[in-house]
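Below: the structure, in structure tokens.
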Amino acid sequence: MFKYVIKRILIFIPTLLVVSLLTFALSSIAPGDPVEQMLSSQTGEGTSANLQANEQAYIEKRRELGLDLPIFYFSFGQMAIPDTLHRIPKRAHRDNLSRLINQHGNWDEISDYYYEIKDFEKDVYNIPKDSLNATPLINMKDAIKSLYANYDKEDIEKQLSDIPKFIGGAPSMGKLQSSFDQLKSKHTAMVTNTSSWKNWVPSFKFYGTENRYHNWFFGDKPWFGKDDGNWRSAGFVRGDFGISYKDQRPVSTVLWEAIRWTFGINIIAIIITYLVAIPLGIFSARNKGSISDQIITTILFLLYALPSFWIGTLMIIYLCGGDYLDWFPPFFRPDLSGGLLNDIKELSYYLFLPMICWVYGSFAFLSRQMRGGMLTVLGQDYIRTARAKGLAEGKITWKHALRNSLLPIITLFANVFPRAIGGSIIIEILFSIPGMGKVGYEAVVARNYPIVFAVMMFASILTLVGYLVADILYGVVDPRISFSSKK
Amino acid sequence: MSGTKHNAGDHIDASREEVNEMNQSYWAYVKRQFRKNKRALFSLYFVMFLAFIAVFADFIANEKPIVAKYKGTTYFPVIKQYGVSLGLTKWPKELQNVKWQNLEYDYAIFPPIPYLPKNTDMANAQFTGPFDEQRVKSKRWWHWLGTDDLGRDVLAGMIHATRIAFAVGLISMGIATLIGIFLGTLAGYLGDTGLRISRVRFWLNIFFFFIALFYAFGARSYILSDAISNSIISFVGQLLISFLIFFGILGAVNLLASVLKRIPFLGQKVNVPVDLAVSRLIEVIVSIPGLFLIIAIVAVAKPSLILVMVVIGVTGWTGIARLIRAELLKVRNLEYVEAAQAMGFSDIRIMLRHAIPNALSPVLIAVAFGIAGAILTEAFLSFLGLGVPAEVVTWGSLLNLSRSAPAAWWLAIFPGFAIFLTVTFFNLIGEGLTDALDPRLRK
């Protein structure tokens with residue numbers, strides 16, 4: 001048994017690694033730029049100083065979030081893609097550059113072209129505004145923006161042919177001519193000196209432990225030796241989950257607040273489910289085939305198929321204020337400050353509907369298992385013996401049959417639990433209960449990756465522990481199951 | 001001598017017929033058993049009815065007439081639209097960008113619901129209910145299930161949403177079934193000792209798997225992503241090319257391996273523990289919180305129906321793989337598989353022709369329940385406003401509208417009922433199949 005548990009826990013490690021890789025891959029493939037999102041408030045006047053300040057702030061923030069590192073230990077891809085592409089700060093620029101690489105394959109020329117656009121942009125922003133150049137300046141800035149974002153050959157050429165018009169648009173713009181000529185020559189070099197064959201040669205690049213995944217999962221804090229304080233993250237495995245992008249709070253704090261809700265609600269829900277489903281199952285088994293059995297089975301089947309997000313929506317619309325009945329609160333804002341009794345009152349007021357919505361679907365599953373187990377037991381010889389010796393039917397059910405049919409139901413607990421964690425996401429979002437599901441969902445929508453990682457990892461850990469507990473319980477309950485032999 | 005030969009042949013023919021008959025009679029028996037189950041049978045009819053609506057949605061709810069005579073020419077606009085979408089024909093000038101409902105036809109036969117889900121009826125905007133006063137030309141143009149904030153017809157939306165629900169349910173479960181059967185069969189039939197290949201083949205396959213991935217998908221990633229935004233047909237075409245490249249490279253490598261394995265060192269056999277690998281993979285996937293993963297993928301990517309189907313399918317195959325694996329572990333030690341092996345049939349033939357068909361019945365049940373689950377998942381995703389593009393109307397998105405308009409009860413009731421009924425009836429079919437296929441109930 002002990003050996004079995006150790007073996008199972010060892011299997012946790014590859015599973016969690018896979019989950020971590022999956023979540024991480026998701027965040028790196030996903031479009032959007034978290035740094036841009038966090039800095040979106042900062043947009044200054046269009047002066048050169050501001051341009052530089054903004055860029056500096058961007059690079060600082062990016063470094064702070066650890067996004068300036070390569071994504072993983074190694075990369076396997078086109079030879080044309082340089083191993084320094086991740087150093088280009090802006091996500092949008094990086095995407096466009098990799099498109100250009102995909103077309104031309106000559107990184108040296110492409111990077112020259114890119115930095116030439118930057119120089120040109122600086123020159124444009126250095127031109128002081130006057131009464132004559134307002135329109136051409138704005139047009140020029142737009143043209144530069146679209147140069148950053150365009151990889152299509154004709155689009156770029158169109159922008160490049162438009163720019164001379166803007167330069168001629170006002171006398172003060174004249175000094176841009178020389179740097180524009182340079183930009184044009186760099187562009188010509190990029191389109192003529194192509195080496196697109198490099199896109200069809202695979203190459204393997206190794207980056208070492210200085211990468212984002214390593215920093216997030218294992219951390220760059222030294223494991224041994226003295227701590228010089230020059231590290232960004234202690235890593236997930238050492239309990240450092242990072243900082244939430246949204247409100248800059250530690251993820252562990254956010255998560256702890258959420259897990260308490262999810263855990264508490266699920267425990268209560270599971271207890272309710274058992275309290276209702278077991279008697280129902282026993283009743284159905286004892287009256288097998290009767291009309292009441294059929295009615296119970298049908299109703300439970302219908303409840304099982306009723307989508308909880310529909311029922312939840314109906315409840316919120318018709319029972320929670322609004323235009324119809326005003327029996328329950330529309331928002332989840334329990335006031336948990338006035339002692340235990342008050343807390344219970346508040347919670348039962350706020351959690352009543354979510355609970356109903358949460359548990360009704362699982363009645364069918366559990367009571368069906370109970371009914372089946374009970375029927376099997378009631379058909380056994382020793383029950384017939386008990387009947388033969390004249391025991392009362394109630395005593396047979398409650399004393400002899402129940403015990404033996406209850407055990408498999410109890411082991412189901414561990415199976416129900418992980419499923420509950422995954423499923424409570426619906427209820428939490430619907431009734432805005434600040435649990436793990438809602439926090440995770442909001443984090444996904446807002447691209448708040450540190451929270452997404454943590455929620456994914458914890459949900460997987462809970463699932464794994466649930467299955468392990470289920471297996472152990474099976475072994476404890478049914479001594480016939482042995483974990484030592486292979487088959 | 002020839003006589004006895006003839007007799008022996010007769011005997012074999014007869015026994016083959018008998019086998020055929022038994023084979024047929026098993027499925028005939030299942031059919032009979034399923035028919036006895038009134039609830040399941042009714043569910044099947046209902047699902048067929050829904051499938052009919054899904055297939056012919058364009059003829060049931062459409063802004064265009066089915067047949068119409070306009071300015072002296074007779075048109076079949078609904079059918080013609082298919083040709084136009086495929087680029088085969090073009091609309092004549094006078095019918096380009098017109099409001100179909102308002103044209104002056106010589107005569108026109110409109111579909112039962114003369115609206116498309118996207119048609120906005122400004123006269124009946126701001127949530128007009130089915131029993132409210134509707135400003136329509138005649139009862140023919142009535143919004144039977146009301147409208148939404150922009151005056152879009154809810155019934156038309158629900159009819160076209162049937163198509164999406166079915167597409168998601170069938171395609172995602174199709175993907176899941178293919179993956180599940182493929183991996184489950186490999187694991188169950190080959191086990192941990194069934195696959196012994198030469199050393200050179202083993203290493204070449206591992207190495208060139210990545211190379212093939214690179215050429216098929218890595219180097220072509222922009223071609224593929226451009227094709228997605230272009231059109232579904234071009235995406236499918238490009239995807240096919242990618243798969244051709246992938247399997248072409250692997251096929252060539254395996255040919256090479258067949259030659260190289262003659263060299264004694266390279267030809268030494270290694271054991272590939274297929275069952276172990278597949279079982280571990282299943283274990284990993286099962287412990288990933290599925291719904292959350294789906295939400296995460298769908299929320300960060302561009303909204304697309306294909307993605308929703310693929311994601312549901314790729315995360316949902318483990319149950320089927322487990323069933324097939326367990327079934328084949330049983331089957332592969334049965335006499336008929338041994339007999340097939342003794343007759344020298346190849347592993348692939350035994351798997352495809354003999355082992356899988358016998359293991360298929362539990363999969364059928366899992367698929368029925370799986371479709372219900374996939375429809376439910378998609379409905380929940382679009383209820384959250386994820387996955388499906390904003391302009392596409394689904395049951396879930398209609399239900400979502402009701403959250404911001406509590407007074408529009410028809411938006412809360414009808415789409416919910418559609419989801420509930422569809423899911424229930426697929427579940428009932430699953431139950432009926434369980435009963436019909438359960439050999440314990442056989443007399």
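For segment A:110-174, taking Cα atoms only, what is the radius of gyration to one decimal and the Dmax to the nearest whole Å?
11.8, 36
So which GluC sites (Glu not before Pro) in segment B:310-392 pass both tests, a DSSP loop state and at most 14 other Cβ atoms within 10 Å of the Cβ?
B:391
Using Cα pairs under 8 angstrom and six or more residues apart, how large is the relative contact order of chain B, in percent?
Worked out over chain B, it gives 20 percent.
Stretch residue A:172-residue A:294 to full length: gain in nm at 0.36 nm per residue minus the Cα-Cα span?
35.0 nm
How big is D, in µm² s⁻¹, for segment B:62-111 by Stokes-Einstein at 25 °C and 0.890 mPa s if Rh is the Kirkwood radius over C-alpha pairs?
223 µm²/s
Roughly how large is the A-B contact in terms of buried accessible area, totalled over both chains, probe 1.4 Å, nearest 100 Å²?
4500 Å²
For chain A, what is the relative contact order in percent, using Cα pairs closer than 8 Å and at least 6 residues apart in sequence?
Once normalised by length, the contact order is 17 percent.
In degrees between 0 and 90, to the nearest 10, how far off the longest principal axis of chain B does helix B:356-383 point, with axes built from Cα atoms?
Between helix and principal axis, roughly 30 degrees.
Indicate, rounded to the nearest 5 percent, the antiparallel portion of the DSSP beta bridges found entirely in the protein assembly as shown.
95 percent
Past the 28 Å Cα-Cα mark, which pairs from A:438/B:118; A:288/B:36; A:246/B:302; B:38/B:118; B:90/B:118?
A:438/B:118; B:38/B:118
Helix A:153-167: angle to the longest alpha-carbon principal axis of chain A, degrees 0 to 90, nearest 10?
Its long axis makes an angle of about 50 degrees.
So, counting K/R as plus one and D/E as minus one, what does the shell of residues with Cβ under 14 Å around residue A:440 add up to?
Every neighbour counted, the sum reads 0.
Which ³J(HN,Hα) values, rounded to whole Hz and listed in residue order, are derived for segment B:232-237 from phi using the Karplus coefficients 6.51, -1.76 and 1.60 in 6.51 cos²θ - 1.76 cosθ + 1.60 with θ = phi - 60°, glycine and proline given as x?
The phi angles translate into 5, 5, 5, 5, 4, x Hz.
Could you compute the FRET efficiency for residue B:103 and residue B:391, with r as their C-beta to C-beta distance and R0 at 22 Å, rounded to 0.05?
0.40
Rounded, prolate or oblate: which fits chain B, taking a ≥ b ≥ c as square roots of the Cα gyration tensor eigenvalues, rounded meaning a/c under 1.5, else prolate when a/b beats b/c?
Cα axes put chain B in the prolate bin.
Provide the per residue accessible area, probe 1.4 Å, for the protein assembly as shown, rounded to a whole number of square angstrom.
I get 52 Å² per residue for the protein assembly as shown.
Can you give the % of DSSP beta bridges in chain B that are antiparallel, to the nearest 5?
The answer is about 90 percent antiparallel.
Rounded to the nearest 5, what is the percent of antiparallel bridges among the DSSP beta bridges in segment B:36-179?
Taking every DSSP beta bridge with both residues in segment B:36-179, the antiparallel ones total about 90 percent.
Would you list which lysines come within 27 Å of residue A:186, measuring only between C-alpha atoms, while excluding same-chain residues fewer than 8 positions from it?
Once the sequence-local lysines are set aside, what remains near residue A:186 is A:90, A:118, A:122, A:141, A:145, A:153, A:158, A:165, A:175, A:198.
So if a site counts as exposed when it's one of the GluC sites (Glu not before Pro), its DSSP state isn't H, G, I, E or B, and it has at most 13 other Cβ atoms within 10 Å, what's the longest stretch of chain A without one?
That would be A:211-487.
Evaluate the protein assembly as shown: find the radius of gyration of its Cα atoms, find its Kirkwood radius, and give the ratio Rg to Rh.
Ratio of gyration radius to Kirkwood radius: 0.99.
Restrict the search to segment A:237-331; then list the chymotrypsin sites (Phe, Trp or Tyr not before Pro) that DSSP places in a loop and that have at most 14 other Cβ atoms within 10 Å of their Cβ.
A:324, A:327, A:331
What trypsin sites (Lys or Arg not before Pro) does segment B:53-120 have in DSSP loop regions with at most 14 other beta carbons within 10 Å?
Those that pass, being in a loop and sparsely packed, are B:71, B:90, B:99.
The values are calculated or read from the model by the stated rules, or taken from the named source; none is laboratory data. On a predicted model such as this, the values are computed, not experimentally measured, just so you know. Every residue, glycine as well, gets a Cβ built from its backbone with ideal geometry; the counts of neighbours run over all protein chains shown. To get the accessible areas, we keep the full protein, side chains included, count just its heavy atoms, and leave off ligands, DNA and RNA. Shrake-Rupley method; radii C 1.70, N 1.55, O 1.52, S 1.80 Å.
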